[in-house]
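Enquirer: One structure follows; several queries about it will come next.
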């Protein structure tokens, strides 16, 4: 796999993860909105409804905090993986460049030596 394909693959993984995170957040928010609507339409006292709404709001806050913490951990892990991959690719590219330089030195060494001999011999 060449570097461009690996970069695209890493970008697609990050994009897919973020889309999944947004989807999960939407599902949680939708579920809580449905629960709130159910509570508001339920035949019970206002005091009891407010208490349930407050409890559901706290639950939502806790679930959101957990989801965000999990998302941040996953993004950090992916960022570390991408960083490691980029570092490895840079090392490989540097080695390939050094190999090309060494090859050219070997290829042109006889010409350089012949030129030195010609200059010193004349």
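Enquirer: Output the residues belonging to the stretch 36-52 that are surrounded by 14 or more Cβ atoms within 10 Å (Cβ to Cβ) and modelled with pLDDT under 80. Explain how you work it out, then say what you get.
Expert: Looking only at the stretch 36-52, we keep the residues that are surrounded by 14 or more Cβ atoms within 10 Å (Cβ to Cβ), and these are 36, 39, 49, 52.
Matches in the stretch 36-52: 36, 39, 49.
Enquirer: Something else about it: Mind listing just one residue for me: the one in the stretch 84-100 that is surrounded by 11 or more Cβ atoms within 10 Å (Cβ to Cβ) and under 21 Å from the mean Cα position of the chain (by Cα) and, of those, farthest from residue 18 (Cα to Cα)?
Expert: In this case the residue turns out to be 90.
Enquirer: Assess whether residue 105 counts as being part of a helix (DSSP H, G or I), modelled with pLDDT of 85 or more and on the phi < 0 side of the Ramachandran plot.
Expert: Working: part of a helix (DSSP H, G or I): yes; modelled with pLDDT of 85 or more: yes; on the phi < 0 side of the Ramachandran plot: yes.
Yes.
Enquirer: Test residue 73 against the stated conditions and say whether it is at negative phi, loosely packed, with under 10 Cβ neighbours inside 10 Å and assigned to a helix (DSSP H, G or I). Quick ask: steps written out before the conclusion?
Expert: Working: at negative phi: yes; loosely packed, with under 10 Cβ neighbours inside 10 Å: no; assigned to a helix (DSSP H, G or I): yes.
Criteria not met by residue 73.
Enquirer: To continue, here is another question. Between residues in the stretch 53-68 that are in contact (Cβ under 8 Å) with a residue 40 or more places away in the chain and on the phi < 0 side of the Ramachandran plot and residues that are surrounded by 11 or more Cβ atoms within 10 Å (Cβ to Cβ) and part of a helix (DSSP H, G or I), which pairs lie under 7 Å by C-beta distance while being six or more apart or on different chains?
Expert: 67/24; 67/25; 67/28
The values are calculated or read from the model by the stated rules, or taken from the named source; none is laboratory data. Quantities reported herein were computed from a predicted structural model and do not represent experimental measurements. All Cβ positions, even for glycine, are placed from backbone atoms using ideal geometry, and neighbour counts span all protein chains on display.
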